[in-house]
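Take a look at the structure below.
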Amino acid sequence: MSNLRPCSWFLLPSQGNNDMILRYLIPALMISLLSLASCSYMRGPFPATFSDARLEIALAEQADASTYASREIDEARILLSQAERAAGEGDEKGAERLAERALLMARYAKILASYRKLKREVEREEIELQTLQREVEAAKVKRQSAEAELKRLTKGGDGE
């Protein structure tokens, strides 16, 4: 019992877990800070939609939406900035509608990025499979020619 440390489930960077911290902890903290910041400066009935849209945009960016769905993630950012502008002008309904559209577009960008990334991976795997099938066929041809050569040599050896 004495060798158990409090919070022993969390490994510090000095224990060789830099990759885990860089990949998961830091982005999660940034998203949390984004949500807190958005809630602190937005007042009114719709701050949740704004923070949800910001969160979805951040998650979409983590899912490589900037690479695989750049048009869609850019559109989500534009919709969110339009929503913020409408909120600043006092158009609450318009701001809410635009924020919801930004949220949906960010979700779509995240899904589209995942789909395109997986599609590219499947295409890569198919190419690799075709290459391996060609190698197997070449090995079969070599084996058949080696067997034919062996038969020729054994028949030639029997006839001598």
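The values are calculated or read from the model by the stated rules, or taken from the named source; none is laboratory data. Since this is a predicted model, take the numbers as computed values, not measurements. Every residue, glycine among them, receives a Cβ derived from its backbone with ideal geometry; neighbour counts consider all protein chains shown.
Can you spot a residue in the range 97-114 that is of a type in the set (Asp, Glu) and surrounded by 13 or more Cβ atoms within 10 Å (Cβ to Cβ)? Yes, the conditions are met somewhere in the range 97-114.
Counting only residues that are under 19 Å from Ile57 (Cα atoms) and touching a residue at least 40 places away in the same chain (Cβ under 8 Å), how many does the range 88-97 have? Lay out the reasoning, then the answer.
We begin by selecting, within the range 88-97, every residue under 19 Å from Ile57 (Cα atoms); these are 95-97.
Filter again for touching a residue at least 40 places away in the same chain (Cβ under 8 Å), leaving 95-96.
Count: 2.
Filtering the range 52-90 to residues that are buried (at least 21 other Cβ atoms within 10 Å of the Cβ) and over 14 Å from Lys117 (Cβ atoms) leaves Ala53, Arg54, Glu56, Ile57, Ala76, Leu79, Leu80, Ala83, Ala87.
Being among the β-branched types (Val, Ile, Thr) and at pLDDT below 95 is the requirement here; does Thr154 meet it? Break it down into steps so the answer makes sense when it comes.
Numbers: among the β-branched types (Val, Ile, Thr): yes; at pLDDT below 95: yes.
When the stated conditions are applied, Thr154 passes them.
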